[in-house]
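Enquirer: Dropping a structure here in structure tokens format, bear with me for questions.
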Amino acid sequence: MINIDQKQFPRSSVFIGELESLNDRFIVAQIKTMLNNFGDEYVTFLEKVLFLANTSKVSPVDSILDYTTVFLREQVRFQQTDSYSHESFDEVYDEVYNNPDVMEGFYLDGLLLTQACWEIHYHIHRFFCNHFLPRCKGKAQGLEIGFGHGLYLYEILQQCQNKGWARCVIYGLDISEYSLKYATRLLKQSFSEDLFILKIGDIQNELNFPEQSMEFGLMAEVIEHIHSPDQALLRMRHCLKSDSPLYVVTPMNSNAVDHITNFQSIDEIEKLIISTGFVLETKEVFSVKQFQPESKDRTETLCAVFRAL
Amino acid sequence: MNRNEIVFQLNTIFADIFNIDKSTLTDKTSAKDVDGWDSVAHVMLITSIEKKFAIRFTGREIAGFKTVGDLIDAVEKKTIGK
Ligand SMILES: C[S@@+](CC[C@H](N)C(=O)[O-])C[C@H]1O[C@@H](n2cnc3c(N)ncnc32)[C@H](O)[C@@H]1O
């Protein structure tokens, strides 16, 4: 049994208690490892994520289990077919981004919770906090494409608030009205609405931001969702001032209900980003196998900070 | 479908996925006892069962199955009247 301080971490205690009654191979084994390796730092983060997810109508246990099993169903398919389930962006738009049963049923909540329940996502989040957040220091204006649940925007705004930095406004663009609703609700719990400007928009079309108007950018788990990642990166590059940091997270060999572009190697992803006007500053590559050696999940993820030339 | 038929079909699916001898399976067999029964294999098992019996499990149900017996019970419940 996992023992954590109920008074200090009430949401986590209930959440873990409920998960422990189930098959521990799914989530509990990963939570145990993260607790062992990161102790209070980890459980403080889990508590925060559970607080942020509290505006949802679905229980966090159902959301994480539905998200995880839907994801695993896609990995099984990938093993059998060696190709992604979807090829058409429009099909994904209808079935996922524009579908409240998916987006509000488990997708947004579940993806948010994976940040604290899947080892690979927790490590990616730590990479973001250690390598990208410090690069946003003193910057006034930034843009995230495909913000989904809004956790990254939350972390940036929290940093601004904690450090008492003068006006830092962040812009977010996402194709789904459900992401917009979810992230707005999440951010409004802690920040005044004039600090963030979220809009519905498609990175496959021209962006309505002036050239060189942004001082940092984020494209986390988004370029594998579109047909022409290079065009999307060029649009982001256009908005960024020279020397601005860009945070990119991109998985390969990772089938999902909304992934349409796979890559042959991590090197291919890096070269693609570099070819659109960036240099690589820092990177880490995470794979599911590194955390669960016996797993048949072939997901590998590039997690990196680039700098606009 | 009666319990024996379910057990027979499930054992065939198990043997196929994990490459094991059917006779080694009992109601109490769990992931600990079978090599390669990780979360991906667990879901592979579930999708094969869903296909075979034309049923569908939720995330909570899938994560709740710990033993072969749990699976047999669940399939039996879902196929009542089929
Ligand atoms: C996997 S989520 C990533 C959420 C978050 N950035 C993260 O890393 O956890 C992908 C998000 O990208 C959005 N998205 C997909 N295609 C897009 C497009 N063409 N333009 C803008 N946003 C898009 C989806 O609606 C979804 O919210």
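Enquirer: Quick check on my filter: what residues within region A:66-88 are among the hydrophobic types (A, V, I, L, M, F, W, C) and either under 18 Å from A:Ser56 (Cβ atoms) or open to solvent by 20 Å² or more (accessible area, probe 1.4 Å) (or both)?
Expert: A:Val70, A:Phe71
Enquirer: Report the residue count in region A:133-153 for those that are among the hydrophobic types (A, V, I, L, M, F, W, C) and either within 12 Å of the ligand (Cβ to nearest atom) or without any contact (Cβ under 8 Å) to a residue 24 or more places away in the chain (or both).
Expert: Residues meeting the conditions: 5.
Enquirer: A further question on this structure: Could you please give the count of residues in region A:283-299 that are under 19 Å from the mean Cα position of the chain (by Cα) and over 20 Å from A:Asp230 (Cα atoms)?
Expert: 9
Enquirer: Also, I was wondering about something else. Going by the structure shown, is A:Leu113 over 28 Å from A:Gln264 (Cα atoms), part of a helix (DSSP H, G or I) and either free of Cβ contacts under 8 Å to residues at least 24 places away in the same chain or away from the ligand (no atom under 16 Å from the Cβ) (or both)?
Expert: no
Enquirer: Here is a further query. What about A:Lys48, is it more than 14 Å from every other protein chain (Cβ to nearest Cβ) and either open to solvent by less than 50 Å² (accessible area, probe 1.4 Å) or within 18 Å of B:Glu61 (Cβ to Cβ) (or both)?
Expert: Answer is yes for this residue.
Enquirer: Is region A:202-213 home to any residue that is of a type in the set (Ser, Thr, Tyr) and in contact (Cβ under 8 Å) with a residue 40 or more places away in the chain?
Expert: yes
Enquirer: What are the residues in region A:90-104 that are farther than 18 Å from A:Phe51 by Cα and open to solvent by 20 Å² or more (accessible area, probe 1.4 Å), if any?
Expert: A:Asp90, A:Glu91, A:Tyr93, A:Asp94, A:Glu95, A:Asn98, A:Asn99, A:Pro100, A:Asp101, A:Val102
Enquirer: If you don't mind, another one. Open to solvent by less than 40 Å² (accessible area, probe 1.4 Å), free of Cβ contacts under 8 Å to residues at least 12 places away in the same chain and either more than 16 Å from the ligand (Cβ to nearest atom) or closer than 27 Å to A:Ser179 by Cβ (or both) - does that describe any residue in region A:242-265?
Expert: no
Enquirer: Let me ask something else about it. How about chain B: which helices (runs of 4 or more DSSP H) wholly inside it have at least 2 residues that are among the polar types (S, T, N, Q)? I'd like the intermediate steps shown before the answer.
Expert: On the way: elements: B:3-18, B:39-53, B:59-64, B:68-78.
Where helices (runs of 4 or more DSSP H) fall fully within chain B and carry at least 2 residues being among the polar types (S, T, N, Q), they are B:3-18, B:39-53.
Enquirer: OK, next. Residues being farther than 20 Å from A:Tyr97 by Cα and either surrounded by 23 or more Cβ atoms within 10 Å (Cβ to Cβ) or within 16 Å of the ligand (Cβ to nearest atom) (or both): count how many of those fall in region A:159-176.
Expert: Counting residues in region A:159-176 that are farther than 20 Å from A:Tyr97 by Cα and either surrounded by 23 or more Cβ atoms within 10 Å (Cβ to Cβ) or within 16 Å of the ligand (Cβ to nearest atom) (or both) gives 1.
Enquirer: Now for a different question. So which helices (runs of 4 or more DSSP H) stay within region A:1-94 end to end and still have 3 or more residues that are more than 22 Å from A:Tyr122 (Cβ to Cβ) and not assigned by TED's automatic domain parsing to the domain that holds A:Gly148?
Expert: Result: A:60-81, A:89-92.
Enquirer: Tell me which residues, restricted to region A:257-268, are within 10 Å of A:Glu224 (Cα to Cα) and of a type outside the set (Ser, Thr, Tyr). So that I can check it myself, show each step before the final result.
Expert: Of all residues in region A:257-268, those within 10 Å of A:Glu224 (Cα to Cα) come to A:258-263.
Across region A:257-268, the qualifying residues are A:Asp258, A:His259, A:Ile260, A:Asn262, A:Phe263.
Enquirer: Still on this model: Would you pick out the residues in region A:291-309 that are in contact (Cβ under 8 Å) with a residue 60 or more places away in the chain and either surrounded by fewer than 15 Cβ atoms within 10 Å (Cβ to Cβ) or not aliphatic (A, V, I, L, M) (or both)?
Expert: The answer is A:Phe291, A:Gln292, A:Lys296, A:Asp297, A:Arg298, A:Thr299, A:Thr301, A:Cys303, A:Phe306, A:Arg307, A:Leu309.
Enquirer: In this structure, does A:Glu284 turn out to be within 10 Å of the ligand (Cβ to nearest atom), surrounded by fewer than 21 Cβ atoms within 10 Å (Cβ to Cβ) and under 23 Å from A:Ile124 (Cβ atoms)?
Expert: Numbers: within 10 Å of the ligand (Cβ to nearest atom): no; surrounded by fewer than 21 Cβ atoms within 10 Å (Cβ to Cβ): yes; under 23 Å from A:Ile124 (Cβ atoms): yes.
Here the answer is no, as A:Glu284 does not meet what is asked.
The values are calculated or read from the model by the stated rules, or taken from the named source; none is laboratory data. It should be emphasised that the depicted structure is a prediction, and the values quoted were computed from it without experimental measurement. Glycine also receives a Cβ, built like all others from the backbone with ideal geometry; neighbour counts cover every protein chain displayed. When the accessible area is computed, the model is the full protein with side chains, heavy atoms only, and any ligands, DNA or RNA have been set aside. Shrake-Rupley method; radii C 1.70, N 1.55, O 1.52, S 1.80 Å.
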